[in-house]
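The next block holds one structure in the form of C-alpha cells; read it before the comments.
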Amino acid sequence: MDIQSNGIRIRVSEKGHGDLALVFLHYYGGSSRTWQFVANELSDNYRTVATDHRGWGHSDAPEAGYTIGDLADDAHGVIEALGLTRYVLVGHSMGAKTAQLLASRRPPGLEGVVLVAPSPPSPMVVSDEQRTAMVGAYASRESIGWVLDNVLTATPLAPQRREQVIEDSLRGAPQAKAAWPNVAMREDITADVAAINVPVLVISGELDKVDRVETLRAELLPRIAGAHLEVLPGIGHLSPLEAPSTVAAAIRRFVAKL
C-alpha cells in the first residue's frame, strides 16, 4: 500500500489487527521487508505497520530531504494517515534514531518506543575515509556481501534472507545512500531525546560492530530517562534478521507491560 506523507509517496506493509499498532522503521540499507519475520510473530496480537524510508524499497526518492527530521516527518505522516490512536515505535539503527526524534516530539497516541541496535542520538564519530567507504558499501553484490559477513552480522543469514538484504541494499537511491553517513549520522539530537516521556526498550546485539553495547551505555542510555537495555547474546547488528523470534519476544514482553 502507498501513502502520501510529507509530500512524497511512502510504501507501507501492514498486517494483523489489534487496538495497539507497532510501527516499524528500518535500518540504512534495508526496507520494510527487514521487519517481516518479526512482524509475522507479532501480527496475531497487534496491527503491524512497516514503512520503506524515502529513497529505499518502493518509496519515492526525492533528490533532497534525508535528515532525521525528514524521516521522522515521513513516519508521522503515515501514522496520521492510518489514523493510529495507540502505537509503539520500533526502530532499527537509522530507523531507531528516527524513532528517537519522533518520540521526542511527544506525538499523540505514542505509548512506547523499542530501539533495536539503535544509532545513538549523538553524532557518530568516523573518519572521512570511513564515510566514503560507507557510501560505497552498497554499490555491488560483492561489497554488500563483504559488509554483511564482516560488519553487519555475527551469525550467517539463511540464503533467502541474505539475498533479500543484497536486493534491498542495491535498490537504495544514491542520494539516500549518501545522506546517512554524510548528513543524518552527523546530526546531534541529544537535547531532543531528553523530552521522551514514554517507556523505552533498547535491544542490542552482544556482538554488534556498528552500534556497540558500550556505545549505547555511554551515548544513549544516560540521555533517555528510564530506558532499559536488553542484550542479545551472540547476535550482531541485524538482529531483526539474525534472531527475529528473540527480537519479537522482547517486543512482546515490553508491550505487555505498557
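The values are calculated or read from the model by the stated rules, or taken from the named source; none is laboratory data. Everything numeric in this text was worked out from a predicted model, so none of it was measured. All Cβ positions, even for glycine, are placed from backbone atoms using ideal geometry, and neighbour counts span all protein chains on display.
Structure values in brief
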{"quantity": "Among residues of the stretch 77-113, those that are in contact (Cβ under 8 Å) with a residue 60 or more places away in the chain, more than 19 Å from Gly16 (Cα to Cα) and part of a helix (DSSP H, G or I), counted", "calculated": "11"}
{"quantity": "Hits in the stretch 157-169 (condition: more than 24 Å from Thr67 (Cβ to Cβ) and either touching a helix residue (DSSP H, G or I) at 6+ places or on another chain (Cβ under 7 Å) or buried (at least 21 other Cβ atoms within 10 Å of the Cβ) (or both))", "calculated": "Leu157, Arg161, Arg162, Gln164, Val165, Ile166"}
{"quantity": "Any hit, the stretch 170-177, residues being over 30 Å from Gly234 (Cβ atoms) and outside any helix (DSSP H, G or I)", "calculated": "yes"}
{"quantity": "Residue check, Ile10 assigned to a strand (DSSP E or B), of a type in the set (A, V, I, L, M, F, W, C), in contact (Cβ under 8 Å) with a residue 60 or more places away in the chain and in contact with a Ser or Thr (Cβ under 6 Å, 6 or more places away or on another chain)", "calculated": "yes"}
{"quantity": "Hey, Arg33 at pLDDT 95 or above, buried (at least 18 other Cβ atoms within 10 Å of the Cβ) and not in a helix (DSSP H, G or I) or not", "calculated": "no"}
{"quantity": "Flag for Leu101 being of a type in the set (A, V, I, L, M, F, W, C), in contact with a Leu (Cβ under 9 Å, 6 or more places away or on another chain) and closer than 19 Å to Tyr66 by Cα", "calculated": "yes"}
{"quantity": "Filtered residue count, the stretch 184-215, keeping only those that are in a loop (DSSP other than H, G, I, E, B) and among the basic types (Lys, Arg)", "calculated": "2"}
{"quantity": "Filter result for Arg162 (modelled with pLDDT of 95 or more and under 23 Å from Ser239 (Cβ atoms))", "calculated": "yes"}
{"quantity": "Flag for Thr67 being of a type in the set (Val, Ile, Thr), surrounded by fewer than 20 Cβ atoms within 10 Å (Cβ to Cβ), farther than 18 Å from Arg33 by Cα and at pLDDT 95 or above", "calculated": "yes"}
{"quantity": "Failed condition for Leu115, given (1) surrounded by fewer than 16 Cβ atoms within 10 Å (Cβ to Cβ); (2) under 30 Å from Glu167 (Cβ atoms)", "calculated": "(1)"}
